[in-house]
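The next block holds one structure in the form of structure tokens; read it before the comments.
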Amino acid sequence: MISLSCLLHFLNNGVGMPIETLNLALFSALNASTDAKPVMIHLAIFVANDLLYILLGLLVFLWCYGDLQLKERAFKAVALTAVSLLLGYLISMIYPHPRPFVMEVGRTLIEHQPTASFPSNHMLIFSTIALSYCFAGRKLAGGILLGLAFAVAWSRIYVGVHFPLDMLGAFILALFVNLIGFYLWQHYHQVFMQIALNIYRWVGKPLLDRGLIK
């Protein structure tokens, strides 16, 4: 659970703090406390590690078994996510902010490589996909995915591998990519989809011929 004293400290003193001090204060409020309940720890670890695979599996399912509209939305989400991850990687090279456990801050509940912390790849993936569905007019799906994105953001901070500003930076980057992507998709979606479908038909021909995918 969030430490009440840390949260009150942030609410009382957050305004006017230097950005890194604010980042650390928020992290301290959200990171797992020493008396965290096991059920919360297990939930946070599941959301932080395993929810991503469920989401990616769902997108693969929609592409392999959905109609053309479902395929298009899934492909757009994945394509924009690839762009977000590339930009996120470049940002991390320019601004290699250390992770909390590298700075010996807070509790760390899962193993993680000491790679750059900012922006969060997990948040980039979830928020880019969620915003992609929102921009496509799928408000219910987009809203659910946004809820999952914020759950992932909480969990990655809770288990001690990210700071809050890693999540905010990832969300802003995802929004930027979706704004540009929305414009490009309106003008070039037919070209993008035709290329993707041609590759899919070529690579998946044995399974398509047997009717195992469509």
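Laboratory data are not the source of any read-out in this text; all were calculated from the coordinates shown. All values derive from a computational prediction rather than experimental measurement. All Cβ positions, glycine included, derive from the backbone under ideal geometry; neighbour counts span all protein chains shown.
A compact table of results
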| quantity | calculated |
| --- | --- |
| Label-point separation, Phe192 to Tyr53 (7 Å along Cα→Cβ), nm | 2.9 |
| Region 42-119 versus region 140-214: alpha-carbon centroid distance in Å | 10 |
| Helix axis angle, 139-158 relative to the chain longest principal axis, alpha carbon, degrees | 40 |
| Highest-fluctuation residue, His97, His122, His187 considered, GNM on the chain with Cα pairs under 10 Å | His187 |
| Charge context of Gln69, other residues only, Cβ under 13 angstrom, K/R +1, D/E -1 | +2 |
| Within region 15-120, GluC sites (Glu not before Pro) in DSSP loop having at most 14 other beta-carbon neighbours inside 10 Å | Glu104, Glu111 |
| Computed E for Ala82/Val39 - FRET, C-beta separation, R0 45 angstrom, nearest 0.05 | 0.80 |
| Student exercise, the chain dipole from Lys, Arg, Asp, Glu Cβ charges, in Debye to nearest 20 | 700 |
| Residue-span extension gain [Arg210 to Leu140] - 0.36 nm each, minus C-alpha spacing | 21.8 nm |
| Farthest positive-ward along region 18-97 dipole, Cα basis, beta-carbon charges - from Leu58, Gln69, Ile41 | Gln69 |
